[in-house]
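Values quoted throughout were computed directly from the atomic coordinates according to the rules given, and no laboratory measurement underlies them. Since the structure is predicted, the reported quantities are computational estimates derived from the model, not experimental observations. Every residue, glycine among them, receives a Cβ derived from its backbone with ideal geometry; neighbour counts consider all protein chains shown.
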Amino acid sequence: MKQHLQRQSGVANVDVSLIDGKVEITPKEDGQIEPAQLLKATYDSGVSVSELDMTVSGKIVKDSTGNLSLQVKPNQSFVPTPNELSKGLEPLVDSGTVVTVRGQLYKKPAGKQKKADISAPLKLLILEVKKDR
Amino acid sequence: MKREHLALLLLAGCVFVPQLEAQIRHVEMRVEGMT
């Protein structure tokens with residue numbers, strides 16, 4: 001699985017802890033990492049993902065449908081799951097302010113479902129907001 | 001001449017730094033079934 005993940009674009013380093021089942025991925029400085037691809041690569045290597053958290057910096061914009069979105073690159077953005085923290089980001093829409101947030105992008109559904117649907121669009125549940133500038 | 005170069009360097013820094021800031025900084029996964 002580690003080799004599988006290291007082959008993904010934008011990945012600089014992968015740390016795997018067998019004891020607590022934790023996988024830490026460090027992106028390349030100038031690379032573009034695609035979390036959905038990381039999920040797929042992990043499942044493809046025969047390992048099930050129970051949770052994917054990430055720390056991401058980006059600008060708050062509204063997409064074409066009027067939804068709040070955290071834009072990282074012109075071709076990469078994440079729609080936050082509405083909560084108190086995402087509401088607090090609304091005043092920053094189109095302000096150009098770069099915010100850093102920690103959030104949960106994926107959580108395996110509870111129950112006996114054998115394989116989670118990782119093809120569905122991923123929403124970012126914001127857990128913590130850190131304003132950069 | 002040196003001041004011009006310095007000014008250009010600062011200008012380039014202002015243009016590129018905000019773009020570099022926007023990025024995924026860290027990803028952490030909890031996995032099951034790992035051997």
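Grab the other residues whose beta carbon is less than 13 angstrom from that of A:Q76, score K and R as +1, D and E as -1, and report the net.
Neighbour charge sum, excluding A:Q76 itself: 0.
Enumerate the amide H contacts of A:T81 below 5 Å, restricted to partners 5 or more residues apart or on another chain; note that Pro and chain-start residues carry no placed amide H.
Residues meeting the amide H criterion: A:L124, A:L125, A:I126.
Take every residue in peptide A:23-30, count the Cβ atoms of other chains within 10 Å of its Cβ, and give the average of those counts.
4
Please give the FRET efficiency for A:S119 paired with A:E90, using the beta carbon to beta carbon distance and R0 = 30 Å, rounded to the nearest 0.05.
Computed FRET efficiency for A:S119 and A:E90: 0.55.
What would the Debye equation give as log₁₀ I(q)/I(0) for the protein assembly as shown at q = 0.13, 0.18 Å⁻¹, counting only Cα atoms as equal point scatterers?
Those come out to -0.68, -1.13, one per q.
So what is the relative contact order for region A:10-106, in percent, with contacts set as C-alpha pairs under 8 Å and at least six apart?
Here the relative contact order equals 25 percent.
What nm value, rounded to one decimal, do you get for the distance between A:E29 and A:L127 when each label is placed 7 Å out toward the C-beta?
According to this spin-label approximation, the distance is 2.8 nm.
Which entries in the list A:K22/A:K62; A:K28/A:K107; A:K40/A:K73 go over 29 Å, if you measure between the two C-alpha atoms of each?
Flagged as over cut-off: A:K22/A:K62.
By its C-alpha gyration tensor, with a ≥ b ≥ c as the square roots of the eigenvalues, how is region A:1-49 shaped: rounded for a/c under 1.5, else prolate for a/b larger than b/c, else oblate?
Cα axes put region A:1-49 in the oblate bin.
Taking 0.36 nm per residue of separation and subtracting the Cα-Cα distance, what length does fully extending A:L18 through A:K2 add?
Additional length available on full extension: 4.6 nm.
Once amide H atoms are built 1.01 Å from N in the peptide plane, which residues 5 or more positions from A:K28, or in another chain, come under 5 Å H to H?
The list, which skips near neighbours in sequence, is A:V11, A:A12.
Exposure proxy check: A:M54, A:M1 ranked by fewest other beta carbons within 10 Å?
Placing the least packed residue first, the sequence is A:M1, A:M54.
Give a quick list of trypsin sites (Lys or Arg not before Pro) in region A:1-86 that DSSP marks as loop, anything other than H, G, I, E or B, with at most 16 other Cβ atoms within 10 Å.
When the trypsin sites (Lys or Arg not before Pro) of region A:1-86 are filtered for loop state and at most 16 Cβ neighbours within 10 Å, A:R7, A:K28 remain.
What distance in nm lies between label points placed 7 Å from Cα along the C-beta direction at A:S50 and A:N67?
In this crude label model, A:S50 to A:N67 measures out at 2.8 nm.
5 Å is the cut-off here: which amide hydrogens, built 1.01 Å from N in the peptide plane, fall below it relative to A:S50, excluding neighbours closer than 5 in sequence?
When sequence neighbours closer than 5 places are left aside, the close amide H contacts are B:R30, B:V31, B:E32.
For the protein assembly as shown, what is the charge dipole size about the Cα centre, in debye to the nearest 20, if Lys and Arg each add +1 at the Cβ and Asp and Glu each add -1 at the Cβ?
120 debye
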